[in-house]
Structures are given as C-alpha cells and as structure tokens.
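Working notes for the structure below.
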Amino acid sequence: MAALSADASAAARILAAIRDVPHGAVAGYGQIARRAGLPGRARMVARLLAGNDDPTLPWHRILRSDGRIAFPPASKGHREQARRLRAEGVVVANGRVRMPRSDHEDLDAALWGPEGA
DNA sequence: GAAATGACGCGTT
DNA sequence: GAACGCGCCATTT
C-alpha cells in the first residue's frame, strides 16, 4: 500500500515514545525523535502532533529543547498546553518549563520518570 | 523537479 | 537570557 507518510513504523514509534512520557513529566521534540530511534527528525514529531487525531495523546507534554512551549505566547494552543501542564503539576513560568539542559543519561531517567526511575 | 512552509535544534552574536 | 542565522527533515504547492 502506498506510503502516505515517510514511514508508518517511524510515526508509530514516535507516537509510542510520546505515550511513554509519564504524568507530570515533559520531553523535547528531538528527545522524542531520538527515543523513537529517529535522530534528527524532530520536525517529523512536530508534524505528527500537528496532524494528530488522537485526543489520548499527551501532546501537551512535548516542548522545545529549550523547555519552551512550541506555540506562540499569544496563541490559543500555548495557553491550552500551559494549562494542561499545570494541571499535571508541571511548573510553567512565562511560557517556560523547568527543563534540564544537560541531558545526562542518568538524569534522563529522572526526566521521564520523576516518580520512579 | 524546484520552491516554500512548519508545534525544531544548535551555535553565534 | 534574547535575538539572529543556518541546517535538517517531511509535506505541500
């Protein structure tokens, strides 16, 4: 069958990685792509979220590498995402989220699982 | 097939 | 920390 996307399996892996983010945790586009086994495809993650039809997908947990919300500060999506993050206990200040710049593999676990890991 | 667009990332200023 | 520029990937025109 014709491949409407670049790689259906790749998309599935990305979605799986996003779903793998626990409640109260956040991750970056590049980080998700990397976890999905697709380094450098951060934009592909964004594209999937932009066209996601899955309301159960925790898209609000996906932020930029700087820890900032991808949407413009005046955008509705930005407000929606910030609201949802706060509802999960994530501290959002000035459209910014506490994000560890040094992603050590050991600390990486803490990023994904603040409760466990 | 080339140019333009987009929920990105990183280095530099 | 903010602003600017360049690079990368995938889809659309």
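The residues of region A:17-31 that are within 11 Å of DNA strand C (Cβ to nearest atom) and surrounded by 20 or more Cβ atoms within 10 Å (Cβ to Cβ) amount to a single one, A:Tyr29.
Within the bounds of region A:38-52, is there any residue that is under 21 Å from A:Gly89 (Cβ atoms), within 12 Å of the chain's Cα centre (by Cα) and modelled with pLDDT of 95 or more?
Filtering region A:38-52 for residues under 21 Å from A:Gly89 (Cβ atoms) gives none.
No, every residue in region A:38-52 fails to be under 21 Å from A:Gly89 (Cβ atoms), within 12 Å of the chain's Cα centre (by Cα) and modelled with pLDDT of 95 or more.
Annotation note: of A:Gly51, A:Gly30, A:Gly67, A:Gly24, the sole residue that is on the phi > 0 side of the Ramachandran plot and near DNA strand B (Cβ under 10 Å from one of its atoms) is A:Gly67. The residue list A:Arg61, A:Arg34 contains one member that is of a type in the set (Lys, Arg) and open to solvent by less than 80 Å² (accessible area, probe 1.4 Å), which is A:Arg61. Considering every residue within region A:2-16, establish whether at least one is within 14 Å of DNA strand B (Cβ to nearest atom), buried (at least 18 other Cβ atoms within 10 Å of the Cβ) and either assigned to a loop (DSSP other than H, G, I, E, B) or polar (S, T, N, Q) (or both). No; the residues of region A:2-16 include none that is within 14 Å of DNA strand B (Cβ to nearest atom), buried (at least 18 other Cβ atoms within 10 Å of the Cβ) and either assigned to a loop (DSSP other than H, G, I, E, B) or polar (S, T, N, Q) (or both).
Within this structure, A:Gly67 fails the test of being in contact (Cβ under 8 Å) with a residue 60 or more places away in the chain and either closer than 26 Å to A:Ala93 by Cα or open to solvent by 10 Å² or more (accessible area, probe 1.4 Å) (or both).
The values are calculated or read from the model by the stated rules, or taken from the named source; none is laboratory data. Bear in mind that the values here come from a model prediction, so they are computed numbers and not experimental data. Don't worry about glycine lacking a Cβ; one is built from the backbone with ideal geometry, like all the others, and counts go over all protein chains shown. Note: areas computed on protein heavy atoms with side chains; ligands, DNA, RNA excluded. Shrake-Rupley method; radii C 1.70, N 1.55, O 1.52, S 1.80 Å.
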